[in-house]
Amino acid sequence: MPGTVPNDIGARFPTLPCAGAPPYQKRRGCGCFTSVTGAILFAVAVLVLLNPWALHMGGRWTPALMWHGIGNLQSTTGAKYGLFLEVTLYVRSGRRSIGSGNNLSGTAKLCTPQGEIYPLTVSGHIKRVWLDADRKPLTLYFRSAKDAQPRLNFELLGSWEGQQLVLEDRGNMAMSFAPDGHAKGYLRGTNSPGENTTGIVHYATENEFATVCNSKSGNSF
């Protein structure tokens, strides 16, 4: 009918955007990223709340929940070892409650008197610890990789005394090392009777490991 606008004119002649106007884009949300970040921050907050001592290890502020240092271990047989140690807070997952079992994990490098360097994994626990790790009984377990040769396995006991980590082996390093300090392998050969190894580790970075280890040329990990 003359003067009447057809009902389907919008479909036949769609509205065009104005010149210079940006095309319509679907907005992308960031909810997933925000949720993951929030979950991570919440998990870290819970760890710190339940293990506040991890913020203060070795007489210093450790906001990364990590401590590392170098030092020498001296055996009563005369053997002298260099040690780099790095430990961090460890919380066991599963049904066991937080705080039970091991609460430390990390890595280490041990340098023998012969200049051989052995990379090791570390696990351990601090007993009766809450706000501060200072002077709390500590046990560290050192092990080589499962397929490593020679296989090494020993433990060191002690505690942080201010900024120093004071350690002793109570004779068990003799199960992996000969009296002269070379690595013989765990439970290989005979043990040195009455041997004891003690040492002090102070805060330092891995780059300073060379100061306590006269390694063989080209022997590095």
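The HN-Hα couplings worked out from phi for segment 141-158 by the Karplus form 6.51 cos²θ - 1.76 cosθ + 1.60 (θ = phi - 60°) are 10, 10, 9, 7, 4, 4, 9, 6, 10, x, 7, 10, 7, 7, 9, 10, 10, x Hz, whole numbers, x standing for Gly and Pro.
Just the number, please: carbon plus sulfur as a percent of the accessible area of segment 111-208, 1.4 Å probe, no ligands or DNA/RNA counted. Result for segment 111-208: 50 percent of the exposed heavy-atom area is carbon or sulfur. Each residue of segment 73-156 gets 112 Å³ once the volume of the Cα convex hull is shared out per residue.
Residues of segment 72-221: accessible area per residue at 1.4 Å, in Å²?
Computed with neighbouring chains in place, this is 52 Å² per residue.
Based on the Stokes-Einstein relation at 25 °C and a viscosity of 0.890 mPa s, and on the Kirkwood radius from alpha carbon pairs, segment 109-156 is assigned a translational diffusion coefficient of 197 µm²/s.
The values are calculated or read from the model by the stated rules, or taken from the named source; none is laboratory data. The structure displayed is predicted, hence computed values, not measured ones. Note: areas computed on protein heavy atoms with side chains; ligands, DNA, RNA excluded. Shrake-Rupley method; radii C 1.70, N 1.55, O 1.52, S 1.80 Å.
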